[in-house]
Amino acid sequence: TSKEMPSEPKRNLIVVSNRLPLSVKRSEDGSYHSSMSSGGLVTSLSGLTKTTEFRWFGWPGMSPKEAEEQEEIRRSLASHNAIPVFLDEELAHKHYNGFSNQILWPILHYQSGVTYDEEMWEAYKKVNEIFADYIADAAQEEDLIWVHDYHLMLLPKLLRERMAKKKRQACIGFSLHTPFPPSETLKVLPVAKDILEGTLSSTLVGFHTDDYRKNFAESCEYLLNARSQDSAILYKDRLVKTGRFTVGIDPDKFNETLKQDEVQTRIKDLNERYKDIKVIVGVDRLDYIKGLTQKLHGFEQFLTDYPKWQGKVVLIQVAVPSREDVKEYQDLETAISCQVGKINGKFSKPEYSPIIYLHRSIPFTELTALYSIADMCLLTSSRDGMNLVAFEYVACQEQRNGVLALSEFAGASVFMADGTVQFHPANIKEMAQCIHKGLTMSKEERKERYDKLKKFVHTNTSAKWGQSFVTELSKRHV
Ligand code: ADP
Ligand code: F6P
């Protein structure tokens, strides 16, 4: 009727991240095939696709030279609303393996002692410029542009400059999927100011926890002389809003998968296999921030301190290969497989091995079955933006009400404190005690804790996270 308020015209959403939901690879016969990418960013944004339409720009995972090949990749991604940003192989290597993962990643995870490299920085800048060119071409006046993660921290500034040249306003959101360190740690990076300035050209900047948000604001004050009050930062006459947006998963996806016959059969088989044995599950990208070395130490300590558990518990550890071209990750893989071998050598019997180590990516159905049969999920990150595996375990534990044992350095620990058993990941004795406590916890206590975790996971979904960020962003124009 004429009394109805005119509704706001719907604004289109453009999502930009280095990694697309699908990674493209070339088969031996020369054809291209794509597979689901793994990682928290893809999980959270994929959950949003259920409620919100968007175009997703990102690097497809490979660098074909010929126009025909590029076209084939473009076509294969188009049905997923994904648009490839092509990068020269050498440049992509220096940007992704180099500056992003060898320099920025450890600093964002509060590590110092990182070696700066000018050539890698130049590649980082160049890739951010290429992304800016693509997005400036694609974006229309009223579009909302949502940039993700540390690979693209210069993009908001570069994009705003390009849009200004075209006399278009830019409404740019930025979400970081990692922690953000205090200024004293960030300062180790000679280009820290550029990184902060790049990000501060956003309209809205989102973090997983209040601590990360505060560290960012404090760094802007200290290194850029910006002024920060409440959740806003004033820099060079622009007011930038910051906020904590609690990321999550799509729990329904797990519930639906659990109902599949194939998964039910698998759960039955695994339960039968482990009927007299407690199962602890761990699912982590093979990354030093996940504290896998500490996890294995803690588990070894547990078997030593509580010998009655020997032969009666297994740790099934899925270590998803990650960033395999970076030396630190290669070294970690060697160290972990050696450590697994030593512990198994120490405690195995002909009919029993305490650690089952899967160094590969496993299908989603198998992942869901594993989460479901485990009595405990053990996550030992030394630093971790959020850790969505913690959420996924909860989503699959409706029947069993298993225990979530969580490092106090995972972002998730802030929100899940009531329902989890928490420990300091470097305190191996404490970790061993927590494992024992979790495995001997009464049914009533497990249920009480589980109900709290379930409520949190079902309230804070990826769709809700995405919608609240986009709603906040769409209230603004520049
Ligand atoms: P990070 O973002 O550091 O990798 P998270 O714990 O937040 O850590 O997210 C990891 C995500 O990767 C989870 O959603 C998990 O289900 C997903 N994942 C793990 N293994 C696979 C796999 N084989 N294929 C696809 N996704 C996977
Ligand atoms: O959580 C941080 C993050 O870098 C996400 O961006 C990504 O989902 C995950 O780690 C996996 O990293 P990569 O894109 O290097 O495989």
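Remarks
- Matching residues, region 359-399, being within 16 Å of ligand 2 (Cβ to nearest atom) and part of a helix (DSSP H, G or I): F364, L367, L388, V389, A390, F391, E392
- Among residues of region 185-218 being part of a strand (DSSP E or B) and within 16 Å of ligand 1 (Cβ to nearest atom), the one that is nearest to L234 (Cα to Cα) is G206.
- With respect to the conditions (1) more than 25 Å from G40 (Cβ to Cβ); (2) surrounded by 19 or more Cβ atoms within 10 Å (Cβ to Cβ); (3) among the polar types (S, T, N, Q), S201 lacks only one, and its number is (1).
- Some residue of region 309-319 being surrounded by 19 or more Cβ atoms within 10 Å (Cβ to Cβ), within 16 Å of ligand 1 (Cβ to nearest atom) and not β-branched (V, I, T): yes
- Among the residues of region 254-297, those identified as within 16 Å of ligand 1 (Cβ to nearest atom), charged (D, E, K, R) and part of a helix (DSSP H, G or I) are E256, R266, K290, K295.
- Some residue of region 419-434 being surrounded by fewer than 24 Cβ atoms within 10 Å (Cβ to Cβ), within 20 Å of the chain's Cα centre (by Cα) and either part of a helix (DSSP H, G or I) or modelled with pLDDT of 95 or more (or both): no
- In region 183-204, the residues that are closer than 19 Å to K126 by Cα form Cβ pairs under 7 Å with partners that are of a type in the set (S, T, N, Q), at six or more places apart or across chains, as follows: L196/S219.
- Residue in region 168-184 that is among the polar types (S, T, N, Q), assigned to a loop (DSSP other than H, G, I, E, B), modelled with pLDDT under 95 and farther than 25 Å from G39 by Cβ present: yes
- Contacts under 8 angstrom Cβ, first residue in region 377-388 being under 12 Å from D287 (Cβ atoms), partner small (G, A, S) and within 6 Å of ligand 1 (Cβ to nearest atom), 6 or more apart: G385/G40; N387/G40
The values are calculated or read from the model by the stated rules, or taken from the named source; none is laboratory data. What you are looking at is a predicted structure, and each value in this text was computed from that prediction instead of being measured. Counting neighbours? That spans all protein chains shown, and the Cβs are built from the backbone with ideal geometry, glycine included.
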